[in-house]
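The values are calculated or read from the model by the stated rules, or taken from the named source; none is laboratory data. As the structure is a prediction and not an experimental result, all values here were calculated from the model. Note that each Cβ is placed from the backbone with ideal geometry, even for glycine, and that neighbours are counted across all protein chains shown.
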């Protein structure tokens, strides 16, 4: 496996571990899956919402991410 | 020692998994046409740098394969034998660059690509040269290229346009495919769609148990459910009733008129079951892939493209009609 590939794999694993750790802390309070969690975090991210409200799209950006997550990411993370 | 065992297990799984599966309808007796899949091309492996996590895929008439990769933000081109022949894009917000590449389709001359952070459709030629941006007033949640100057798009809106729009090459709306079935609740009109090859559309709902066929006169020919028709569960999160089950992730058609719908959570094998329908919407059979996929793309030569190795591999299957 090449160095670049290893770095990408390491980064993916690190992100997954961090996400899993975060979920382990938050899950009892949220009772939600990773896509729902990502949606909530997106929707209440002041930077994202400020930017996209300026663009006139508000929470649609987060909704689009949620749809993508349910379609694409969820099967990978199980 | 572990690797050979894993490879053996994967091989056994692949042999067992690819083939007819009557999980949706145990009492179903298939008519004459019985389909099977045979893998005839694989692009990208776990130990190479070809693909990292591909998202959108399109295939031109010559069989060249175009794919968007969201890890390195590149648009990549492979010939029909799987050889890499070009790449373009890269991370950025300049013309032809990507931050979150998503959807892709192609016409005879152009490629149409989207980025989650861009309101519009990027146009490239088949040599991967960026040409222009077709602006849209909404984020594009799905698209299908109908010709060089006709693109069908579904925008994501909370309360706005509830239709698939047909845009010309400048982004002007030339037709509306109206009356998507939007049940109360957020994102209930999220759909994937494809041309049926006869001037009509096939529409599969992500959060509803519903597949539709529309004729070229914007008339719904049929709408059917394949998982019992029960509404999808929702969860109240942050004040929003988010649908938490997926029904259908993608839809495509072959030249014989068979319709292929990739099942979501509701399927027995989520992301792996492809429900095959005849042109009237009757269930023919269920094909089960060895790995989950987010798409089921069929090219003009009736070859099926799906995801492998969590996005590091494109698998191409020959569809066999027996």
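So is residue B:72 at pLDDT 95 or above and not in a loop (DSSP other than H, G, I, E, B) or not? When the stated conditions are applied, residue B:72 does not pass them.
Taking residues in region B:217-234 that are at positive phi, and partners anywhere that are modelled with pLDDT of 90 or more, the pairs with Cβ atoms closer than 8 Å and at least 6 places apart or on different chains are B:228/B:209; B:229/B:209.
Within region B:226-240, which residues are away from chain A (no Cβ under 14 Å) and loosely packed, with under 15 Cβ neighbours inside 10 Å?
Taking region B:226-240 and keeping what is away from chain A (no Cβ under 14 Å), we get B:226-231.
Matches in region B:226-240: B:228, B:229, B:230, B:231.
At least 1 residues being touching a helix residue (DSSP H, G or I) at 6+ places or on another chain (Cβ under 9 Å) is the threshold, and among the strands (runs of 3 or more DSSP E) wholly inside region B:208-300 those reaching it are B:234-237, B:240-243, B:248-253, B:283-288.
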